[in-house]
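The values are calculated or read from the model by the stated rules, or taken from the named source; none is laboratory data. If you're wondering where the values come from, they're calculated on a predicted model, not measured in any experiment. Every residue, glycine as well, gets a Cβ built from its backbone with ideal geometry; the counts of neighbours run over all protein chains shown.
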């Protein structure tokens, strides 16, 4: 099991690392890859100055990673950590590192902003979810790890093409003895028999064997409906399987996954259906 954790050496990144460790420490031979990505500031400096600055930033990144790994190895005994320093945007660095190291899952921190700050702030988490093909777990800054006993899986009742992508959920469920709450958001809850509709979908075999509950949520906003239900049952993890957004959707409307990445107060697992 190879887990990639991006870090900017902040509290949010350390919370994400702790979550990744606690979640995967009992899996087969877990390896944690700590990635620091850095970019040159936008400026019109001369080429030589920029080259010197990039070299200085690279040295700082490598040195900070060395210190971070030492601190983590002191905290978590017998842990297998690899550090990677990479120039480029975070989403590109995560994608390239994921391909090179055969990463199974990305775990990263999110600040869980709300209101105007959420609307104005760019989301590295959302960009990584959009550009990386392995599952991504986003962890709110103030989350403290606890065993995953309750998972909320939000379905759009569309066929999942890559049912093997759900193996990540199954491994967690088996280890933690988890109940899966399958939810669907609709304007009229009485208009759908959710259990019957889900039974028509080609689900992963291990998912069929899990303990399950079904809930139709009445709401005119999908993300808000999911969020409210997660709070109601005090869920430990939210699972979304986003479809590829169309060009116009990307321009005019933030995806449900993107909105949840901003506002969710519990960890969220995003599994791309490819």
Subject >> Residue list for the range 58-78, filter: modelled with pLDDT of 95 or more, farther than 13 Å from residue 9 by Cα and touching a strand residue (DSSP E or B) at 6+ places or on another chain (Cβ under 8 Å) >> reply: 73
Original post:
Consider residue 206 against the criteria (1) modelled with pLDDT under 80; (2) surrounded by 14 or more Cβ atoms within 10 Å (Cβ to Cβ); (3) outside any helix (DSSP H, G or I): it satisfies all of them except one. Which criterion is unmet?
Top reply: (3)
Subject >> Filtered residue count, the range 175-197, keeping only those that are assigned to a helix (DSSP H, G or I) and surrounded by 17 or more Cβ atoms within 10 Å (Cβ to Cβ) >> reply: 2
**OP:** Within the range 142-174, work out how many residues are surrounded by 17 or more Cβ atoms within 10 Å (Cβ to Cβ) and part of a loop (DSSP other than H, G, I, E, B).
**Re:** 4
Original post:
Out of the range 13-35, which residues are at pLDDT below 90 and either crowded, with 21+ Cβ neighbours inside 10 Å or out of contact with any helix residue (DSSP H, G or I) (no Cβ under 8 Å at 6 or more places or on another chain) (or both)?
Top reply: 28, 29
Original post:
Among 208, 212, which is within 30 Å of residue 28 (Cβ to Cβ), without any contact (Cβ under 8 Å) to a residue 12 or more places away in the chain and not assigned by TED's automatic domain parsing to the domain that holds residue 137?
Top reply: 208
**OP:** Check the range 176-189 and report whether any residue there is at pLDDT below 80 and touching a strand residue (DSSP E or B) at 6+ places or on another chain (Cβ under 7 Å).
**Re:** no
